[in-house]
Amino acid sequence: MKLTDYPSPSVTADCVVFGITFESGGEERTVGVGESVFIPRGVTHSYRNVGDTDVAMLTIFSPAGMEGWFRETFVPVPNF
């Protein structure tokens, strides 16, 4: 996934299953089950699945407001 190019709020992402690698502020960090990563407001970031199975991730944005960007940017998929 390419680095984000929107004015982002602060992000906290919790890895629920397997591993995700985050790139933020020029650093990479892989998080696993039960771990989380905090990305400060305005820091360009990206993430990728480093495993060979699907990944679930809970993301918390602060302050709220990113839901509009997701509605405009992505196509909804059925729940899995």
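Here are some conditions: (1) modelled with pLDDT of 65 or more; (2) within 23 Å of residue 79 (Cα to Cα). Residue 24 meets all but one. Which one does it not meet?
Tallying (1) modelled with pLDDT of 65 or more; (2) within 23 Å of residue 79 (Cα to Cα), residue 24 fails exactly one: (2).
If I filter segment 34-45 down to residues being aliphatic (A, V, I, L, M) and part of a strand (DSSP E or B), which single residue comes out as nearest to residue 20 (Cα to Cα)?
37
Being of a type in the set (Gly, Ala, Ser) and part of a loop (DSSP other than H, G, I, E, B) is the filter; apply it to segment 24-33 and report the residue that is surrounded by the fewest Cβ atoms within 10 Å (Cβ to Cβ). Even if it seems obvious, please write down each step before you answer.
Taking segment 24-33 first, the residues of a type in the set (Gly, Ala, Ser) are 24-26, 32.
Then keep just the ones that are part of a loop (DSSP other than H, G, I, E, B); that gives 25-26, 32.
Numbers: 25: 9, 26: 7, 32: 12.
Selected residue: 26.
Return the residue satisfying two criteria in turn: it lies in segment 46-80 and is in contact with a Phe, Trp or Tyr (Cβ under 9 Å, 6 or more places away or on another chain), of a type in the set (S, T, N, Q) and in a strand (DSSP E or B), and of such residues it is farthest from residue 35 (Cα to Cα). Give the derivation first.
Let us first name the residues in segment 46-80 that are in contact with a Phe, Trp or Tyr (Cβ under 9 Å, 6 or more places away or on another chain), namely 46-57, 66-67, 69, 73.
Next cut, of a type in the set (S, T, N, Q) only: 46, 49, 53, 73.
Next cut, in a strand (DSSP E or B) only: 46, 49.
Details: 46: 17, 49: 15 Å.
Among those that are in contact with a Phe, Trp or Tyr (Cβ under 9 Å, 6 or more places away or on another chain), of a type in the set (S, T, N, Q) and in a strand (DSSP E or B), it is 46.
When segment 1-19 is examined, which residues are found to be outside any loop (DSSP other than H, G, I, E, B) and either modelled with pLDDT of 80 or more or surrounded by fewer than 12 Cβ atoms within 10 Å (Cβ to Cβ) (or both)?
The initial filter retains those residues of segment 1-19 that are outside any loop (DSSP other than H, G, I, E, B), namely 10-15.
Result: no residue meets the conditions.
The values are calculated or read from the model by the stated rules, or taken from the named source; none is laboratory data. This structure is a prediction, so every number in the text was calculated from the model and none was measured. FYI the Cβ positions are ideal-geometry reconstructions off the backbone, even for glycines, and counts take in every protein chain you see.
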